[in-house]
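Values in this text are rule-based calculations from the coordinates and carry no lab data. Predicted model, so just to flag it, every value in this text is computed and none were measured. Ideal geometry is used to build each Cβ from the backbone, glycine not excepted, and the neighbour counts take in all protein chains shown.
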Amino acid sequence: MVLVYQVLSGLYSFMESINEIDELVKIISRLPGLGPKSAKRIILKLINNRDELMKPMTKVLGEVYKNISRCNLCGSLRSNDNCKNCSFSSKKSKKICVVENIADQWSIENSNIFDGYFHILGGTVNSSGQRKEDLLINALVARVKKDNIEEVIIATSATVEGQTTAYYIQESLKEIGVKISKLAQGLPIGGEIESLDDGTLFSAFKNRTGLNSESD
Ligand SMILES: [Zn+2]
């Protein structure tokens, strides 16, 4: 009861530390955009709402941990072995949009400007050691061949790493003769896809440029 009182009244910071809570603060502080202070606020909220928040969150997190993984064909998230992202759908056009990460896929999906498939590379080539072999480029080539894809839209960031990666993708697809295009106007130099607003993204999609002769 003493803990509950202190937690409810926001006095936790004056209390002696509790191991479980310290551990949780450390973990939550590692999430994007959160430091120890916001971690403590989140934990207080959870403790003060044990049944409404903490219990369902524990359950759902357990299920996500058990069931959700990255699909090794398209790089997106799948539940159990069922990947909705790369399995055939008559509603989708025969186009693949290649992005760096899942947050990019979500941004493009939310803007409703693309009705084809997504391929998530898992990053870009970069100076900290990620090589093109570490990205799902070979899997992309296999998908394009297998699913008779008509256009590959490269939507990597307008950074040196993003554009170098785009070049490698273009080279890898050269032999297949598929139409390849790349997001262009509207993308700010140095801009990351996930941080763009819908209008900019829409313009970049509409004005994408062809990268090979098949694009004309
Ligand atoms: Zn998949």
- Item | Reachable aspartates and glutamates, given that their alpha-carbon falls under 16 Å from the alpha-carbon of Lys146 and they are not under 8 places away in the same chain | Glu175
- Item | Pairwise FRET efficiency - Asp51 versus Asn82, Cβ, R0 = 45 Å, nearest 0.05 | 0.90
- per DSSP, antiparallel bridges as share of beta bridges in the range 95-216, % nearest 5, sits at 15 percent
- When the chain is treated as a GNM, springs tying every alpha-carbon pair under 10 Å, which of Val98, Val125, Val60 comes out with the largest mean-square fluctuation? Val60
- Message: Check the chain for me: any Cys whose beta-carbon has no other cysteine beta-carbon within less than 4.7 Å?
- Response: Cys97
- Counting only DSSP beta bridges with both residues in the chain, tell me the antiparallel percent, nearest 5. 35 percent
- Task: May I ask you to derive the FRET efficiency for Leu61 and Lys94 from their Cβ-Cβ distance with R0 = 35 Å, giving the value to the nearest 0.05?
- Result: 0.40
- Message: Looking at the chain as a GNM with Cα springs under 10 Å, which of Ile68, Ile21, Ile153 has the largest mean-square fluctuation?
- Response: Ile21
- Message: For Cα pairs less than 8 Å apart in space and 6+ apart in sequence, what is the mean separation divided by the residue count of the chain, i.e. the relative contact order in percent?
- Response: 14 percent
- Message: Once you place label points 7 Å from the Cα toward the Cβ at Arg41 and Trp106, how far apart are they in nm?
- Response: 2.0 nm
- Message: Explain nothing, just the number: relative contact order of the range 29-104, from Cα pairs under 8 Å at least 6 residues apart, as a whole percent.
- Response: 13 percent
- Per-residue Cβ contact counts at 10 Å, fewest first, order Phe88, Phe202 as Phe88, Phe202
- Query: Suppose every K and R has +1 on its Cβ and every D and E has -1 on its Cβ; what is the size of the dipole of the chain about the Cα centre, in Debye to the nearest 20?
  - Reply: 380 debye
- Amide H contacts of Ser76 (H built 1.01 Å from N, under 5 Å, at least 5 apart or other chain): Cys71, Ile120
- Message: Expected output is a single nm value to one decimal: the length gained when fully extending between Glu171 and Glu16, i.e. 0.36 nm times separation in residues minus the C-alpha distance. What is it?
- Response: 49.8 nm
- Task: Please report Glu63, Glu133 as a ranked list, fewest other C-beta atoms within 10 angstrom at the top and most at the bottom.
- Result: Glu133, Glu63
- Highest-MSF residue in the chain out of Asn85, Asn112, Asn101 [GNM, Cα springs under 10 Å]: Asn112
- If the chain were replaced by its equivalent ellipsoid, with semi-axes equal to the square roots of 5 times the Cα gyration tensor eigenvalues, what would those be, largest first, whole Å? 42, 19, 16
- Message: Report, in listed order, any pair from Lys91/Lys179; Lys26/Lys59; Lys92/Lys179; Lys59/Lys94 with a Cα-Cα distance greater than 27 Å.
- Response: Lys59/Lys94
